[in-house]
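See below for the structure under consideration.
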Amino acid sequence: MNTKKIVISNKTLVNTNEKIYFDKKLKIIETFAREDLEILEKIKNKEFEPRRILTLKLNAEEAAKQSEIKELISYPLIKKNLAYNLPHQQDGALKILRDFDGRALLADEVGLGKTITAGMVLKECIVRGFVRRALILTPPSLVNQWKEELSTKFDLNFKEVNKESEWENSELAIASIDKVKNFNNETNEFKHSTAHKIYWDIIIIDEAHKLKNKKTFRWKFVDKLQKKRLLLLTATPFQNDLIELYNLLSLLRRGHLGTLTEFRANFLVNGNERQPLNPRELKRKLSEVMIRRRRDEAKGIKYMKRIPKIQSVNLNWAEKRAYEEVADMLLLHYFDFNGNPINTTLAAHSILPKITSSSKSSIEFLENLISNPKYHKTTQDIAKEIVERLKKIPQDTKMDKLIELVNEINQKDKGTKILIYTKHPATLKYISDILRKQKFEITEFKGGLTNDEKSKRIKDFKEKSQILVSTETGAEGLNFQFCNNLINYDLPWNPMAVEQRIGRLDRIGQKKNIFIYNLATKDTMEEHVVDLIINKMCCIGLVMGELPIILFNMGLDSNGKSGSSKFEEKLMNAFLDSKNNLSKFASEIEKVGDEINKGIKEYEKTKKYTSELLD
């Protein structure tokens, strides 16, 4: 709950936000977190503390001044964990603590490592004893990455909060803001209202541009949190208009830009929300709460190119027939035990990626279907016939293409590291066994590994083996700057998942251009999806972290009704609507590509607009 700082005869007091005492001598200066709910009531009743208590408080304030933060005393503790010493990150953390007392908007351009700067602020506060209870709110896709970074780089173990009951016992808490912001209309409370009863020493919010609208439950949830320090991270503090910026800063320091009416009068030309009036004064006001550095200002960072390469896989006749049969089974003969059609939309989201992954993955799916009593005999009989044909196919053209590609990469640069991604454990085992027969040293990375096992396998990949074969588990929170060859054996239909894969190599410290090889079965839906996600989204010159902003602007970053991302849902629905007609599917994918292109152009305009005002 917010409270007001009030001046009475040049002395600063605090009100309860429940009773406000007005006087001609009163002047509201700004808002800050509630510290003493009873102080005004005591003054009203003339209940003053003894002189010795006042003396102790004055001495404490003096001691605090003498301990002004001039350096990061925690840096020697984390230096060994950081691969690179980037001065702008330390400078930013020091400024946030020294000049802004931990309440700031960190608006560095994309690619400068805002997470590391925020981690430095957090570590320094804990080492100095300023912070006992800390909360980090992130998008769901970044929770694990944040946990990993904080653990490995800052020796801080944050507990993920998913249930309401977990708040009380979580001093260092991290949560998906999309999960905890849910509102219960029956009780007229947030489902995670316990979080609002806790007084947090610091709260850090990643991708804070998602808080641009005051009317959303996301904004209201954050506003209601009790917090002494608040750090907002975003490269785009506003995108469509300056009211978004006003809303964001209202969370940070209420009244810093005046009331909304005053803001419109002082900083908008004739109320135009995109045209700033008094830009110099606005910049000055922003500089009191915001840190922003451009990429061309940061020293020690070199950005490498992403070079995409589509590897077409020409299925033989038998493979093509099996693929068509599975697709037709899903569209026409996918029945439950009673003979009722199963929700094809949900089925497609989980099954289609498997049948385009590998023959092993297809067989595993079909055999599970055959042995599961929830499916109708008609569906199971069709599945049996397909499995029998799949097992008789002597050649796996996709695997042949992978072997050819790996040998080609190795011949160009003997011993170079190669990272291979697949979505499915069955395909991972299949790839590893085949490549070992080709005399390559292989490390496998999949779910279920302990932290020690993960660390050992990362070390093995760096120091011993040439190839790491990984499922999506290896796409979160891991850094492989020493590798510059990525092969997507199969591709998720979610561009954010693909971006995470590429991001393991495209990190600060990467010294070579990154080659991104993508296997795509020709004359199937996969061919068009790979082209869209790789050539039109993930490898078009965007910096790591810009694609999520674009998808958010387009309303495609969150999950849809099926549980998959809205973007993935869009592609799956296009397939279902096409009835396995490839020409129709290709036409729908082209329309999606046009939408993405439009979204990218809008983002570029926003970037220019933001830069003109802030830089």
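Read-outs: derived from the displayed coordinates by stated rules, not from any lab. What you see is a predicted model, and the numbers here were worked out from it, not measured in a lab. So basically every Cβ, Gly included, is an ideal-geometry build from the backbone, and we count neighbours across all protein chains shown.
With θ taken as phi - 60° and the Karplus curve 6.51 cos²θ - 1.76 cosθ + 1.60 applied, the whole-hertz 3J(HN,Hα) list for the range 275-292 is 10, x, 9, 6, x, 5, 5, 5, 4, 5, 5, 5, 5, 7, 9, 10, 10, 9 Hz, x standing for glycine and proline.
Under 5 Å from the amide H of Thr521 lie the amide H atoms of Val313, Glu527, each residue being 5 or more positions distant or on a separate chain, with H modelled from the backbone and absent for Pro and chain starts.
Once the Cα atoms of helix 566-578 and of the chain are each reduced to a long axis, what angle between those two axes, in degrees from 0 to 90 to the nearest 10, is obtained? The angle comes out near 30 degrees.
Phi angles of the range 222-235 translate, via the Karplus equation with coefficients 6.51, -1.76, 1.60 and θ = phi - 60°, into HN-Hα couplings of 5, 4, 7, 5, 7, 8, 7, 10, 9, 10, 9, 10, 6, 7 Hz per residue; Gly and Pro are given as x. Amide H contacts for Leu268 (H built 1.01 Å from N in the peptide plane; partners 5 or more residues away or on another chain; cut-off under 5 Å): Leu277.
Coupling constants for the range 237-250 follow from the phi torsions by the Karplus curve (6.51 cos²θ - 1.76 cosθ + 1.60, θ = phi - 60°), and in residue order they are x, 8, 10, 9, 7, 6, 5, 4, 5, 4, 5, 5, 6, 5 Hz; glycine and proline get x. Annotation: lysines with alpha-carbon distance below 20 angstrom to Lys153 (same-chain offsets under eight excluded): Lys79, Lys80, Lys114, Lys123, Lys454, Lys456, Lys459, Lys462. Dipole magnitude for the chain: about 1920 debye, using +1 per Lys or Arg Cβ and -1 per Asp or Glu Cβ, origin at the Cα centre.
Within the shell of other residues whose beta carbon sits under 15 angstrom from the beta carbon of Asn185, the net charge comes to +1, with Lys and Arg scored +1 and Asp and Glu -1. Beta bridges per DSSP, both residues in the chain: antiparallel share near 25 percent. Mean residue ellipticity at 222 nm, helices only, the chain: -14000 deg cm²/dmol; runs of at least 4 DSSP H residues each add -39,500 (n - 2.57), and the sum is divided by the number of residues. Against the main long axis of the alpha-carbon atoms of the chain, helix 359-371 sits at an angle near 90°. Applying a DSSP loop filter and a limit of 11 other Cβ atoms within 10 Å to the trypsin sites (Lys or Arg not before Pro) in the range 113-208 leaves Lys163. Helix 51-66 and the longest principal axis of the C-alpha atoms of the chain enclose an angle of approximately 50°. The convex hull of the Cα atoms of the range 438-591, projected and averaged over all directions, covers 10.8 nm². Of the trypsin sites (Lys or Arg not before Pro) found in the range 490-553, the ones in coil according to DSSP and having at most 14 other Cβ atoms within 10 Å of their Cβ are Lys511, Lys522. Considering only Leu172, Trp200, Phe221, the residue lying farthest towards the positive end of the dipole of the range 136-232 is Phe221, judged by Cα position with unit charges set on Cβ. Remark: the Ile307-Leu77 segment gains 79.1 nm on full extension, using 0.36 nm per residue and subtracting the alpha carbon distance.
When the chain is described by a simple charge dipole with +1 on each Lys and Arg Cβ and -1 on each Asp and Glu Cβ, the residue from Ser564, Leu402, Gln89 located farthest towards its positive end is Gln89. The amide H of Ser565, built 1.01 Å from its N in the peptide plane, has Gly560 as neighbours under 5 Å, considering only residues 5 or more places off or on other chains. Per-peptide packing, taken as the mean over residues of other Cβ atoms within 10 Å, places 199-210, 370-381 in the sequence 199-210, 370-381 from highest down.
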